[in-house]
Amino acid sequence: MANPTLAGLLLLTLICTTNSARILGIYPLPGHSHYHLARALFRELAERGHDVTVINAFGEKDPPKIGKYRDILLPGLFDQEPKDPKREWNMFKREGLNPFVGAYVVATMATKFIGHILNHTNVQNLLHSDEKFDVVIVDNFLSDPFKAFATHFDAPLIAVSPVWQNMWINALAGNPSPSSYVPNVLATYYHPMSFCDRLTNSLLDVFNYLLYYFYVFPQHNAFVKQYVPRGGDLNDILYNTSLFLINGHPSLNQPLPFVPNMIEVGGLHMKPPNKLPKDLQEFFDDAKQGVVYFSMGSNLKGVQFPPEKRQEFIKAFSKLKQKVLWKWEGDELPDQPSNVKIIKWAPQSDIFAHPNLKLFITHGGFVSSIESAYHGVPLLTIPIYGDQMQNAHFSVKNGYGRFLTYGEISEENLLENINAILDNPKYKENAKRRSDLFHDRPVSPLDTAVYWVEYVIKHRGAPHLRVAGVDLPWYQYLLLDVIAAIITIASLGLVVTCFITKKICQKVCSKRNNKKKKTA
Ligand SMILES: *[C@@H]1O[C@H](CO)[C@@H](O)[C@H](O)[C@H]1NC(C)=O
Ligand SMILES: *[C@@H]1O[C@H](CO)[C@@H](O)[C@H](O)[C@H]1NC(C)=O
């Protein structure tokens, strides 16, 4: 008879020896939304018995109960930037930025932080320790130097893309991403693209590759050489990524081609809703006409709205028969209408679950986009930067939302769009349909992500999933050499044919002339 204690002990040893891997997560950039998604994955990996270490800027407030979990925080990171109170970080200033300039600004900003992070004492201590890891998981957002940690620790590399489509990943994975129908993530147009859109899109794609190779890459490679002792050369590291986890799904974005080592896990952080806090529950229950929820996400603070724009919202909201819940970080809202409640932080996903929620006014960030998809909420999007415009277009195309540009914000435009969505059941029906698509998957996105991380650990990388296109030089990948050869041969053929025809003609003509001369 098996001894239950012994069996339990055996099982535990088994878990510890064969299934427990040492995982290093690297999420040091202070973007809350990227970390928010990855956090769910790291927690789940720890709860499944792995030993998880995460370099991050926030710290896990509620560490997993099971398994080992450790934060490596970066205190004082921001102190290294000279603070200028006049230039307080205001993301609204990035509205309407030209996508070419936008790409440059984002790259410059991220690179500045990366130097400070790599030189941080806690990061250097880790790099100079004798710790070992079985896999390294990196946020794939202009943070390539951290990928060198995989080479340093001799572990396979997994990159997690926070946005669904990503010019930064396609080249590394050899993934087809034709400029003809895949709008650049920073673009303001959407498909079907006109000729001018496709022209701009092609130029934007090429510009981004050039920006990366001539501006970003040299700086990043120098960082690796300077700060990561056994980091090697960044070029070898980037093209040797075992797996890409993509924060996308056909319910969230246009369907795209993916090579075998790119796996879509959009929505992996979603959980069934919790009960609302008492005051919010009452607020929603009492709203017989429904509630409009307004939040511009974690990076765009409501209080940073220029007062004249804010006033347009206040005037529009005061004319609604619905109640409005406004994510507002200040203590009070000037001229607050009686049907408006302000809240500094809201359990957004739980709010979406309440049947009285009728509409979400959003900036269209990817976390909000996913959370509204999960619960089937109609959207009015006010896109500001990055992928938000694409998400706004997607909502219009699929009939669950409308959008207003920042410049179009006015009392009339707001009321017109809000009422159009509230009065027409089509928006809610399409949002519900989107939610059904979101949930209809063979395996949940979190289980999918965990499966693939464990797959990479088990097989020590996944070189067998890599497409051959990754190793081709760009001109071979695009078949430019073949096209050039065909054009050359065809032109040569044409020249030769012309030459021969001319010769024959000349011969025939001269013979005829000779004959004429003889008969004459
Ligand atoms: C790196 O950090 C050390 C202290 O930890 C500091 O003395 C040095 O100036 C830093 N280097 C750079 C380039 O910031
Ligand atoms: C590529 O990654 C695999 C798996 O981690 C590793 O074994 C191999 O040495 C790497 N190759 C290069 C050239 O870095």
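Straight-distance candidates among the aspartates and glutamates for linking to Lys112, with alpha-carbon spacing under 12 Å and chain neighbours fewer than 8 residues away dropped: Glu81. Taking 1 over the mean of 1/r across every pair of different Cα atoms in the chain, what Kirkwood radius in Å do you get? It works out to 26.0 Å.
Other residues whose C-beta falls under 11 angstrom from the C-beta of Ser410 contribute a net charge of -4, scoring Lys and Arg +1 and Asp and Glu -1. The relative contact order of the chain comes to 14 percent, based on Cα pairs under 8 Å that sit 6 or more residues apart.
Rounded to whole numbers, the Karplus 3J(HN,Hα) couplings from phi for segment 365-376 are x, 6, 5, 4, 4, 5, 5, 6, 5, 4, 9, x Hz, using 6.51 cos²θ - 1.76 cosθ + 1.60 with θ = phi - 60°, and x at Gly and Pro. Charging the Cβ of each Asp and Glu at -1 and of each Lys and Arg at +1, and nothing else, the dipole of the chain about its Cα centre rounds to 2940 debye. Report, for the chain, the % of DSSP beta bridges that are antiparallel, rounded to 5. Bridges in the chain are about 0 percent antiparallel. Annotation note: chymotrypsin sites (Phe, Trp or Tyr not before Pro) in segment 303-390 located in DSSP loop regions with a Cβ neighbour count of at most 15 within 10 Å are Trp345.
Across the alpha-carbon set of segment 278-439, the Rg to Rh ratio works out to 0.92, Rh being the Kirkwood radius. Computed as a quarter of the hull surface, the mean projected area of the alpha carbon convex hull for segment 142-243 stands at 6.6 nm². For Val54, the residues whose amide H sits under 5 Å from its own are Gly25, Arg70, Asp71, Ile72, ignoring neighbours fewer than 5 places away on the same chain, with H placed 1.01 Å from N. Beyond 19 Å in Cα-Cα separation lie the following of the pairs Lys315/Lys341; Lys315/Lys397; Lys323/Lys358: Lys315/Lys397. With the charge dipole of the chain set up from +1 on Lys and Arg Cβ and -1 on Asp and Glu Cβ about the Cα centre, the Cα lying farthest toward the positive end among the listed residues Thr241, Gly267, Ile486 is that of Ile486. Longest stretch of the chain clear of exposed loop sites (trypsin sites (Lys or Arg not before Pro), DSSP loop, at most 15 other Cβ atoms within 10 Å, sites excluded): 345-459. A simple charge model with +1 on the Cβ of Lys and Arg, -1 on the Cβ of Asp and Glu and nothing else charged puts the dipole of segment 215-359 at about 300 debye relative to its Cα centre. Taking the C-alpha atoms only, the angle from helix 411-423 to the longest principal axis of the chain is near 80 degrees.
Calculated mean residue ellipticity at 222 nm for the chain: -14000 deg cm²/dmol, from DSSP H runs with n ≥ 4 weighted as -39500 (n - 2.57), summed, divided by the residue count and rounded to 500. Simple rule: put +1 on each Lys or Arg Cβ and -1 on each Asp or Glu Cβ in the chain, find the dipole, and look at Ala171, Trp328, Phe313; the Cα lying farthest toward the positive end is Ala171.
Throughout, read-outs are computed from the coordinates displayed, never taken from laboratory work. Just so we're clear, the structure is a prediction, and the values are computed from it rather than from any experiment. Because the Cβ atoms are built from the backbone with ideal geometry, glycine has one as well, and the counts that use them run over all protein chains shown.
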